[in-house]
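Comments concern the structure below.
The values are calculated or read from the model by the stated rules, or taken from the named source; none is laboratory data. Please read these numbers as outputs of a predicted model, since none were measured by experiment. Positions of Cβ are backbone-derived with ideal geometry, glycine not excepted, and every protein chain shown enters the neighbour counts.
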Amino acid sequence: MSSGAKQRQKKQNGTIVNNRRARRNYDVLDSVEAGLVLTGTEIKAIREGRVNLSDAYGKPEDGEIWLVNMHIAQYSAGSRNNHEPTRPRKLLLHKDEITRLTRQVSERGLTLVPLRLYIRRHRAKVELAVARGRRQYDKRRAIIEREREREAMQAVRR
């Protein structure tokens, strides 16, 4: 796929970045859409696609949920008032969603993982998932199942 085709695909569904590592390392149980509290240079850098979600996670704290370790590179045309790349960012959720997610994370040993960052109606959103970490043998089993499905689809096409 050419870079122009990739850009068009990103523009169509609004996805800026996917966290492929999260789908590999975690079993996703539930997901929710959350808004982000951002500064001006952060949203400009996000629109440029200069974001990394691979080490990010959600952290409940004082009745709020914060997105920690999401790296947004500094905006190239920014001044000395540019943002800090890995600062914690507040997530905008309904109160009942916050209590539900906080309860799930504290009780069951689950974690909050961002799956993708996208733009909807000119606002940056993050798809946040409640997930359980996979063991090494679970990862291998998932790879084997994926290969079997791929081989079955190829056999059907023939």
Filtering the range 144-158 down to residues that are of a type in the set (K, R) and under 23 Å from R24 (Cα atoms) yields R146, R148, R150
R20 being of a type outside the set (S, T, N, Q), crowded, with 17+ Cβ neighbours inside 10 Å and at pLDDT below 90: no
Considering each residue of the range 43-58, count those that are closer than 17 Å to L128 by Cα, surrounded by 16 or more Cβ atoms within 10 Å (Cβ to Cβ) and free of Cβ contacts under 8 Å to residues at least 60 places away in the same chain, and give that number. 3
Out of E97, E107, which single residue is assigned to a helix (DSSP H, G or I), over 15 Å from the mean Cα position of the chain (by Cα) and under 25 Å from L38 (Cα atoms)? E97
Out of the residues in the range 39-85 that are assigned to a helix (DSSP H, G or I) and basic (K, R), which is modelled with the highest pLDDT? R47
Are there any pairs with C-beta distances below 7 angstrom linking a residue in the range 25-37 that is free of Cβ contacts under 8 Å to residues at least 60 places away in the same chain to a residue that is of a type outside the set (A, V, I, L, M, F, W, C) and outside any helix (DSSP H, G or I), with the two at least 6 apart or on different chains, and if so which? V37/R89; V37/K90
From the list I143, I98, I65, which one is buried (at least 19 other Cβ atoms within 10 Å of the Cβ) and farther than 16 Å from R50 by Cβ? I65
Pull up the range 124-140, narrow it to residues that are part of a helix (DSSP H, G or I) and in contact (Cβ under 8 Å) with a residue 40 or more places away in the chain, then point me to the one that is surrounded by the fewest Cβ atoms within 10 Å (Cβ to Cβ). K139
